[in-house]
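Structure, as structure tokens:
The values are calculated or read from the model by the stated rules, or taken from the named source; none is laboratory data. A quick note: this is a predicted structure, and the numbers were derived from the prediction, not measured. A quick note on method: Cβ atoms are made from the backbone with ideal geometry, for glycine too, and the neighbour counts reach across all protein chains shown.
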Amino acid sequence: MTHAIGKYADFEGLREQVIALRREGLSRRQIRDRLKVFNNDILDRMLKGQPAPEWTKRPRAKDDLRDRARELRLQGMTYDRIQMELGCSKSSISLWVRDLPKPAPRTKEEASAIAKRGWEIVLQRREEKRQEVKRSARGEIGPLTERELFLLGVGLYWAEGTKDKPHARRERVAFVNSDPGMIQIFLAWLALMGIATDRLRFHVMIHESADVAGAERYWADLTGADVSTFGKTTLKKHNPRTNRKNIGERYRGCLVIHVQQSADLYRRIEGWWCGIVDGSTDG
């Protein structure tokens, strides 16, 4: 057999060197660079029959998926159902299981059950992704500095608190929200502002069809106040024709926080907010 001329003229001698290096555990690239064998076809012929060293073999990330796909196929699952279970592409599934027998045709009931299961899996994966993003974002925050809490509190108040209008003078601090996190942040902000707890007054606003007493106890526990000190609860009349979504055990209405003798604090909040706006637009 005739081999390449020139630097590869002594094919057998060069091949012996290639094999010796391979058996020492060198990779294809290392052999190529050491012996200057840059012709891939010739290097392939020289390495024929010589296994690659274990350290050069990359683990196949999809081996576990492949094995699982074959198990599911042997259980009679279709490509669609395997894809729903494993989340991999149909093309990959086809390569992995094409030598296995096809499942029997599905009945209508089976097809419906598979479709339902598929949608449940989709929803589950979406929820897992949602929660993963939330956990990651939550970890990015860490403890707030006093200045960060100060700015956050001003912004929260201006979004959710009572505001003064030229046609309705309301220079007092009153904050209303149904989110317990918002309530906790606002109370922490009031403490940062030096507002004593004896200046705070609370009352609940809730639909009359809800668990009113339970909601009052919930907000009292959250704020650390005695429920007996709460002002009269405001009941919203229930309209049975309205399809409300804020129902069930988790519905606790809104908590209203009033700060007594707070006209000066309100004016400062309005001024701070204007300063935040100016600071965000300057330059």
Test: residue in segment 178-198 that is of a type outside the set (A, V, I, L, M, F, W, C) and more than 25 Å from L151 (Cα to Cα): no
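Would it be correct to say that R244 is modelled with pLDDT of 90 or more and in the same structural domain as V154 (by TED's automatic domain parsing)?
On the way: modelled with pLDDT of 90 or more: no; in the same structural domain as V154 (by TED's automatic domain parsing): yes.
It is false that R244 is modelled with pLDDT of 90 or more and in the same structural domain as V154 (by TED's automatic domain parsing).
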Of all residues in segment 228-241 being surrounded by 11 or more Cβ atoms within 10 Å (Cβ to Cβ) and modelled with pLDDT of 90 or more, the one that is nearest to A210 (Cα to Cα): L235
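Considering each of L255, L151, L144 in turn, give the residue that is at pLDDT 95 or above and under 30 Å from G279 (Cβ atoms). Before you say what the answer is, go through the steps one by one.
On the way: L255 fails: under 30 Å from G279 (Cβ atoms); L144 fails: at pLDDT 95 or above.
Going through L255, L151, L144 in turn, the sole match is L151.
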Residues (among the small types (G, A, S) and part of a helix (DSSP H, G or I)) located in segment 222-233: S228
Residues satisfying the stated conditions in segment 66-91, i.e. closer than 19 Å to V122 by Cβ and either over 27 Å from the mean Cα position of the chain (by Cα) or not assigned by TED's automatic domain parsing to the domain that holds Q124 (or both): A69, L72, M77, T78, Y79
Total residues in segment 191-238, condition touching a helix residue (DSSP H, G or I) at 6+ places or on another chain (Cβ under 9 Å) and on the phi > 0 side of the Ramachandran plot: 1
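So, of the residues in segment 248-283 that are among the basic types (K, R) and assigned to a loop (DSSP other than H, G, I, E, B), which turns out to be farthest from the chain's Cα centre (by Cα)?
Top of the filtered list is R252.
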Failed criterion for W219 (all others in (1) outside any loop (DSSP other than H, G, I, E, B); (2) more than 18 Å from L255 (Cβ to Cβ); (3) in the same structural domain as V277 (by TED's automatic domain parsing); (4) of a type outside the set (D, E) hold): (2)
Matching residues in segment 116-135 - criterion: being modelled with pLDDT under 90 and either among the small types (G, A, S) or more than 17 Å from Q83 (Cβ to Cβ) (or both): G118
